[in-house]
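I have placed the structure first, in the form of structure tokens, so that the comments after it can refer back to it.
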Amino acid sequence: MDLMAKAVQAVGAVMVALRKRHLPPQQAMGDSPSIPQAREQGIMTLKMPTARGWALGEKPKAAAGLQVNAFATELQHPRWIEVLPNGDVLVAEALQQERKPRDLMDHAMVATMRRAKATGHSANRVTLWRDSDGDGVAETREVFVENQHQPFGMALVGDTFYLGNTDGIVSFPYVPGAVRLEGAGKRLVEFKPGGHWTRSLLASPDGKRIYAGVGSLSNIGDSGMEVEKGRAAIWELDLETGNARIFAGGLRNPVGLAWEPQTGALWTVVNERDGLGDETPPDYLTSVKDGGFYGWPYCYWGQTVDDRVPQDAGLVASALQPDYALGGHTASLGLCWMPAGTLPGFGDGMVIGQHGSWNRSVLSGYKLIFVPFANGRPSGPPRDILSGFLSEDEKFSRGRPVGVAIGPDGKSLLMADDVGDVIWRVSAA
């Protein structure tokens, strides 16, 4: 790290110490969170642990009654998981591309992201992992598709495989059991790349539509709203007509997508804005209404106005309040529905991979958690499934949770760890 980055980080460390004096008494969690009043930071809090990885013999801490093992290792920044009907496990390996810093603070941020293994050279591929003997450890690895553009979300519908690159959705013909896709793929939808670059995908239960999460370019529309058109939204692609539209907007960075089976509602996890405090506003889990607007960048958690942003009173008035707060800056990314009986001691609910904060005086996230559901709604406080990714002194990370999926056997969870370069498998002890 150069002297400029070190100097800015030193200033940032002083700001972290000062902000610890105003720590909220509790995390903003649940359906009625206590959200502190915004405290505009000026100099952004910049605190990210160094990416260390897992030492020999180390692994995450599993909740009581569960165990964890490495399903696949030696990946290159694994981000997202898709389990095919035949049990093959696909893993998207991609990374934020390093860019030239824009200013002094950005210089420090880029250097910090590099140290935390959050930016660099992207593998730009999807690998296929096969556990032929069913022992919970993959024996074979194949390159399923390569030379993509920061691939992330995946979906299989019939004999067509869909891949969410940062610049759009592409489709490939798929033959059951194939270990590699053939051809260049067909571009179906174009998205603006950069900024929040991940493009999660989820097929509708009837296989007629694909939904895609597209994050904002910036924190709060910093370069104006013209460049944000088509972003901070969930898109819907009609597979029969090829028409694509924005399904819901005002979602700063919607990443994981999942269906709640009782109501049939679409749910997502969203990363909220920075620069207003450790718990303000919280990231959230919410159902998503067709045509709904969720506030970004004008307001948050309903109609709480962000006065840093030129306002639109009509959009503020229409903003929907999210369903369930997940704590400030937890970077909740991964999401899947877990039915009762998948893991002992856990009922119906959503599993969430919390990548972890970089912009709080006390770090948050760095866990795999479970939110219980009843009657189609969250029904209680979250529970840890996996923890131990962050060192006790917050100086380094052993791993960072991202994508999550139900394992091929229906009795396990798979979770991508993009610092440990591992796919972890959680099952009954």
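All of the numbers you see were taken from the coordinates with simple rules; none came from a lab. Just so it is clear, the structure is predicted and the values come from calculations on it, not from any experiment. Don't worry about glycine lacking a Cβ; one is built from the backbone with ideal geometry, like all the others, and counts go over all protein chains shown.
Here are the numbers for the structure shown:
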quantity	calculated
Selection from GLY158, ALA92, SER122, by position along the positive dipole direction of the stretch 66-158 (Cβ)	SER122
Options GLY365, GLY399, MET350, ranked by Cα towards positive dipole end of the stretch 341-429, top entry (Cβ charges)	MET350
Where Rh is the Kirkwood radius over Cα pairs, Rg/Rh for the stretch 128-252	1.03
Estimated vicinal HN-Hα couplings, Hz - the stretch 296-307 in sequence order (Karplus 6.51, -1.76, 1.60; Gly, Pro = x)	5, x, 6, 7, 9, 6, x, 9, 6, 6, 9, 6
Cα gyration tensor shape for the chain, rounded if a/c is under 1.5, else prolate or oblate	rounded
Choice from GLY292, GLY57, GLY215 with maximal GNM fluctuation in the chain (Cα, 10 Å cutoff)	GLY57
Cross-link pairs LYS186/LYS229; LYS117/LYS192; LYS100/LYS192; LYS208/LYS229 - those with Cα-Cα distance over 21 Å	LYS186/LYS229; LYS117/LYS192; LYS208/LYS229
For PHE161, residues with placed amide H under 5 Å, excluding near neighbours	PHE172, TYR174
Sequence-distant residues sharing a close amide H with PHE71 (under 5 Å, placed H)	ILE423, TRP424, ARG425
Positive-end residue, the chain charge dipole about Cα centroid, Cβ charges, pick of PRO205, GLY275, GLY314	GLY275
Test item: Cα-centred dipole of the chain, Lys/Arg +1 and Asp/Glu -1 on Cβ, debye	920 debye
Sequence of THR263, THR166 once ranked by neighbouring C-beta atoms within 10 Å, starting from the fewest	THR263, THR166
Three-way shape call for the stretch 179-308 based on the alpha-carbon gyration tensor, with the a/c threshold at 1.5	prolate
Residue-by-residue Karplus 3J(HN,Hα) for the stretch 163-171, coefficients 6.51, -1.76, 1.60, Hz, glycine and proline x	10, x, 7, 4, 9, x, 9, 10, 10
Convex hull volume per residue for the stretch 282-418, taking Cα atoms only, in Å³	135 Å³
Built amide H within the under 5 Å cut-off of MET338, gap 5+	GLY349, MET350, VAL351
At R0 = 22 Å, FRET efficiency that the Cβ-Cβ distance of ASP238 and GLN262 yields, to 0.05	0.30
Per-residue [θ]222 nm for the chain (sum of -39500 (n - 2.57) over DSSP H runs n ≥ 4, rounded to 500)	-2500 deg cm²/dmol
Kirkwood-type radius of the stretch 76-193, with distances r between different C-alpha atoms, in Å	15.5 Å
Contour minus Cα-Cα distance for LYS208 and VAL175 (0.36 nm per residue)	9.9 nm
Table column - 3J(HN,Hα) (Hz), the stretch 76-90, Karplus curve with 6.51, -1.76, 1.60, x for Gly and Pro	10, 6, x, 10, 9, 10, 9, 9, 7, x, 7, x, 5, 10, 9
Cα gyration tensor shape for the stretch 254-330, rounded if a/c is under 1.5, else prolate or oblate	oblate
Mean projection area, nm², convex hull over Cα of the stretch 211-266	4.6 nm²
Label point distance in nm, THR140-VAL362, each placed 7 Å from Cα along Cα→Cβ	5.0 nm
